[in-house]
1. I'm told residue 267 meets every condition in (1) over 27 Å from the mean Cα position of the chain (by Cα); (2) modelled with pLDDT under 85 except one. Can you identify the failing condition by its number?
2. Whether any residue in the stretch 551-558 is outside any loop (DSSP other than H, G, I, E, B) and among the small types (Gly, Ala, Ser) is what I want to check.
3. Just give me the residues in the stretch 192-201 being buried (at least 21 other Cβ atoms within 10 Å of the Cβ) and modelled with pLDDT of 95 or more, in sequence order.
4. Does residue 497 satisfy the condition of being touching a strand residue (DSSP E or B) at 6+ places or on another chain (Cβ under 7 Å) and either among the basic types (Lys, Arg) or without any contact (Cβ under 8 Å) to a residue 24 or more places away in the chain (or both)?
5. Can you find a residue in the stretch 404-427 that is more than 40 Å from the chain's Cα centre (by Cα) and not in a strand (DSSP E or B)?
6. What residue, among those in the stretch 527-550 that are free of Cβ contacts under 8 Å to residues at least 40 places away in the same chain and either of a type in the set (D, E, K, R) or touching a strand residue (DSSP E or B) at 6+ places or on another chain (Cβ under 9 Å) (or both), is nearest to residue 142 (Cα to Cα)?
7. Among the residues of the stretch 482-502, is there at least one that is assigned by TED's automatic domain parsing to the domain that holds residue 405, closer than 17 Å to residue 436 by Cβ and touching a Pro at 6+ places or on another chain (Cβ under 9 Å)?
8. Filter the stretch 229-282 down to residues that are outside any helix (DSSP H, G or I) and basic (Lys, Arg), then give me how many there are.
Amino acid sequence: MLALAELVVPVLSTTAPDKSFAFVPEPQVGRGTACYTPPMDALALYHRGHYAEALALAQQQGEPKTAALALLALGKPAEAAALLEAWPPREETESAERLALLGFAAFRQGDHAAYRRLALAAAQAAQTPLTLYHLGLSLPPADGLLALREAFQQLQAQGAPAEEQARLAYALAHTLRGLGRFAEALSYASLAALLAPGQPYYRLEELTLLAYAGEEPLAALAQTLPPLLAHPSPGVRYYALWLSLLLQGMQGEASPELLQTLWEHNPNPHLLAYDLPLLVRLCKGHSSQQTLVARRLRAAKAQPSSQALPQALLLLAEGLYRYPAPEARPLLKESLPTLEAEGAEEALRAVAHLCALNGEPLPEPYRRLAQALRPEARALFLPAELPLTQAAPYLQTLGKAQLQGYPALRPRSLELITLLLAHPEGIEGEKLAQALYPTPNPQALRSELCRLRQQGLEVQSRPYRLLSPIGADFLKLQEALEQNRLSEALNLYQGPLLPRSQAPGIELLRHRIEEQLKEAVLQHPDLELLYRLAQQIPDDLTLWEALLHRLSPQDPRHPAVRAWVRRLSAQYR
């Protein structure tokens, strides 16, 4: 639900000694006050969601920053901006954070460009959790992720309150989801929900990601929704309705009545474009809903947004509505550049339908993105005409360990297959045992080879050679490096080779692949390749220092990279 980026935007406060950030559109509801004795600290009141009381106390005690935070939380960005404009900060850090909050106030008034400009100026002046947080929010997900990661690292190092870390974990979850990295996003969403169990938006984000890529039964996820459907907040109720519809659609039973209810309960008609792609997809099977869909598409066009993302989502929705007619193709193509930068899950929908129209298989990285979804979720993204499986089994080793079609294989079996694929010419038994076991064990090797054969894989002896046709990501990566196709190599490199393996041969191959990739990227003039690899190997100071050296100080990623290098350097000293 991409609309969440607009419906729920956190504000971070880093004023010592307490630090907090809270959701802006609506104060938390349902807290009793009859037995509550508030602390005489405006920031603590703000931290607990008592925004009106925090504002009154901050004004009384002369705390303009906390007063501005409370005004933003109460939905009064113009008043917050006026207060911030009149506030003369005493320190450089205060001045930078004032700029970040001014930018956010501008964002709340619809000026996204001012938000990005002021957030960048703030982070250039001082890299604090607050300035990096707003820089991360203001940038597209691929550029903003590093700033959010660094802000989170700083909060953890400072021992920030659990609620504060939870809200930044939530921002990371939503950003990673926008990049299609569902497993990582789910980890952060679960962390946010555990750190702040009373916050409904964290739980809803976690449930959405569980629906996409989790293992819990869909019916069990649906059973958790009734309290959220009855929540006093309109935004929470709408998100819960949307998630109910998603779960129904994944089970092939989207209710027309629920569709109608969702249409009628959108708390902000200007956000209609965010939900249209999914709703158009769900309505495909209900002829009774087609007239309503057409009407909603016309209504969305009558209120065009000035922002690129809702424009692209509207193009996607219309393309899905017209699919499989040929006139869908230009609409889907036009939506794609923005979706690739801002929202991977919707980019997957566009690419999958374009591929189906062209009679082509799904390319990388979209094939990998589709495979990360549970089968029921894929049906909502991929047209039925699009085949997903490959003719030959495919071994994934980079960042994970999995042979598609062979879910029962042990980790040791996957190590053995990797070593056999790395030696297509064959390998003698003694060398293979040395590569597989810290202490060579020929008998264990023979048992492992027997297990592979029992799985239907053909292995020749003397020398050992894998004869069954199996593709592998690390082989594709090595081929891409040999042919200097570095962008393709980086798409394939999702992490270290078999990251949990301690087999000597795997550790050697892992190190060789990483060093070859690093050397090729460091010698290449393309800055974007270096930026991508540095994020894949976050603790490699050499890569990060090279990136900082090449980045222009005016590049919006520069403040986060500088803070990252400073922290890594301190760790290595």
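The values are calculated or read from the model by the stated rules, or taken from the named source; none is laboratory data. From a predicted model like this one, the values you see are computed outputs, not experimental measurements. Note: ideal-geometry Cβ built from the backbone for every residue, glycine included; neighbour counts use all protein chains shown.
1. (1)
2. Checked the stretch 551-558: no residue is outside any loop (DSSP other than H, G, I, E, B) and among the small types (Gly, Ala, Ser).
3. 192, 193
4. Details: touching a strand residue (DSSP E or B) at 6+ places or on another chain (Cβ under 7 Å): yes; either among the basic types (Lys, Arg) or without any contact (Cβ under 8 Å) to a residue 24 or more places away in the chain (or both): no.
No.
5. So the first thing to find is which residues in the stretch 404-427 are more than 40 Å from the chain's Cα centre (by Cα), and the list is 425-427.
Checking the rest, the ones that are also not in a strand (DSSP E or B) come to 425-426.
Yes, the stretch 404-427 contains at least one residue that is more than 40 Å from the chain's Cα centre (by Cα) and not in a strand (DSSP E or B).
6. 528
7. Going residue by residue through the stretch 482-502, those that are assigned by TED's automatic domain parsing to the domain that holds residue 405 are none.
The answer is no; no qualifying residue exists.
8. Let us first name the residues in the stretch 229-282 that are outside any helix (DSSP H, G or I), namely 230-233, 251-255, 265-268.
Retained after the next criterion (residues that are basic (Lys, Arg)): none.
So the answer is 0.
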